[in-house]
Amino acid sequence: MAKTVLLFHERILSPSKTFMLNQALAYRRYAPFFIGVRREGNALPVESLTLEDQGRSLRRRDRLHPRADPFLGCLGDRQVDVVHAHFGPDGLLAAPLAAALDVPLFVTFHGYDATRRLSAGSEIKAALAHGRIRKAWQASQYRTRLVALAKQGAHFLAVSDFIREALLRAGIPPMAVHTHHIGIPLPDRPPTRSPTFPQEILCIGRFVEKKGHRILLEAFAGLGEEYPARLKLIGDGPLRPAIEAQIDALGLHAKVTLTGWLEPDAVQRELARASALVLPSVIASDGDTEGLPTALLEAGALALPVISTNTGGVSELISSNALGFVLPPRQVAPLTHSMRSCLEAPVDAREKALRLQTKIRTEFDCAKQTGALEALYDQAIAAHRRRG
């Protein structure tokens, strides 16, 4: 009988969190069960339950001082062998539940939870400026509580070496945190692509500062009228009004499309038709930084040329210009030049993409990575039982 891994995330499951579902579907020896506070997005193909489903919610004091009780009622007599929370704040919410169940706790850190949240000075100031004293207190306590959780035996996983280093700088003990790439689902044979004309450049990601949409639009406008290329932005988020205003100001209505979030199959079709994926990530003004963007992995797996920046964990994937176009962040002219190179010299760009595809198939196969994760669960459960 398969063991059960309880996958904890407050919102089950927002459209930008496909990596969590991919991992859940890749388990072979553990049965995944999602648990959270409320639902967001479409129905899941795996078992899940939220407090919202039971007509309940999480009280403010339960966020400040998390308890197991609100979630234990969701489980009934279900046997749980390990709890795995995604993102640091969710790890803090899930910790009392893992303790009550007497099972190991894993927490995966993806980006903002190890960068912006662990350098919380700006977050504290913003909360105080709006009179949100409790939120300011939470931000100030975040680092202290994570360090304590790690010292209590929680297993911290970082999606890239960059995120691991951020956790170490915050005081997390080195033995408590390991780099673990989630990866992406890969077919037995690399799929074929069929780029369209006019050429199309894609950008996939939430409309937030760290994704670099403002720089991208400026650089795309720099291509000029002589290029028939179009730009398609897949995603949504709080900066959508600003992005729409910038498209107006640059006169790019005829060349730029905002699709909103698309289903995974539709994203794959867009990637197969595109000429390049551009993700000009930056370090946001509040410190938020990329962990390892799933969109780059998905594009690389299709041998689609990628253009990105050497921020966060990106350079661990595109480690040299032999694998893609790696640029300094917030630089418009180099980004324009790289897009022009992709469009004018597609054979050279394709050679880079094929080398990146080989790396992804070797190091970022979700099935292999999830098998390694299940082995970590086995070790943690055995050690937990030995400690009694």
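Overview of values
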quantity: Charge dipole magnitude, Cβ of K and R +1, D and E -1 - the chain, Cα centre, debye nearest 20; calculated: 1040
quantity: Most positive-pole-ward Cα, Thr4, Cys366, Leu217, against dipole of the chain from beta carbon charges; calculated: Thr4
quantity: Estimated inter-spin distance, Ser285 and Asp188, nm [label 7 Å along Cα→Cβ]; calculated: 5.3
quantity: Too-long pairs where the Cα-Cα distance tops 29 Å, listed order kept, from Lys3/Lys211; Lys255/Lys368; Lys211/Lys359; Lys17/Lys232; Lys151/Lys211; Lys210/Lys359; calculated: Lys3/Lys211; Lys255/Lys368; Lys151/Lys211
quantity: Amide H partners (placed H, <5 Å) of Leu327, local residues excluded; calculated: Ser308, Thr309, Asn310
quantity: Helix-derived mean residue ellipticity, 222 nm - over the chain, DSSP H n ≥ 4, -39500 (n - 2.57), to 500; calculated: -13000 deg cm²/dmol
quantity: Estimated inter-spin distance, Asn42 and Thr358, nm [label 7 Å along Cα→Cβ]; calculated: 3.6
quantity: Cβ-Cβ FRET estimate between Gln152 and Arg240, R0 fixed at 41 Å, reported to 0.05; calculated: 0.50
quantity: Where labels lie 7 Å past Cα in the beta-carbon direction, separation of Gln379 and Arg11 in nm; calculated: 3.4
quantity: With eigenvalues of the C-alpha gyration tensor scaled by 5 and rooted, the chain, Å; calculated: 37, 24, 19
quantity: Under DSSP loop assignment and at most 13 Cβ neighbours within 10 Å, longest GluC sites (Glu not before Pro)-free interval of the chain; calculated: 1-224
quantity: Net dipole in debye of region 348-388 [+1 Lys, Arg Cβ; -1 Asp, Glu Cβ; about Cα centre; nearest 20]; calculated: 140
quantity: Between helix 133-151 and the chain: long-axis angle, C-alpha atoms, 0 to 90°, nearest 10; calculated: 70
quantity: Contact order relative to length of the chain, as percent, for alpha carbon pairs under 8 angstrom and 6 or more apart; calculated: 16
quantity: Additional length obtainable on full extension of the chain from Glu225 to Arg387, 0.36 nm per residue less Cα span; calculated: 51.5 nm
quantity: Near-label residues of region 290-304 by backbone N, under 19 Å of a point 7 Å along Cα→Cβ of Ala345; calculated: 304
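Since every read-out is calculated from the coordinates, none of them should be taken as a lab result. Owing to the predicted nature of the structure, the values given are computational and were not obtained by experimental measurement. Because the Cβ atoms are built from the backbone with ideal geometry, glycine has one as well, and the counts that use them run over all protein chains shown.
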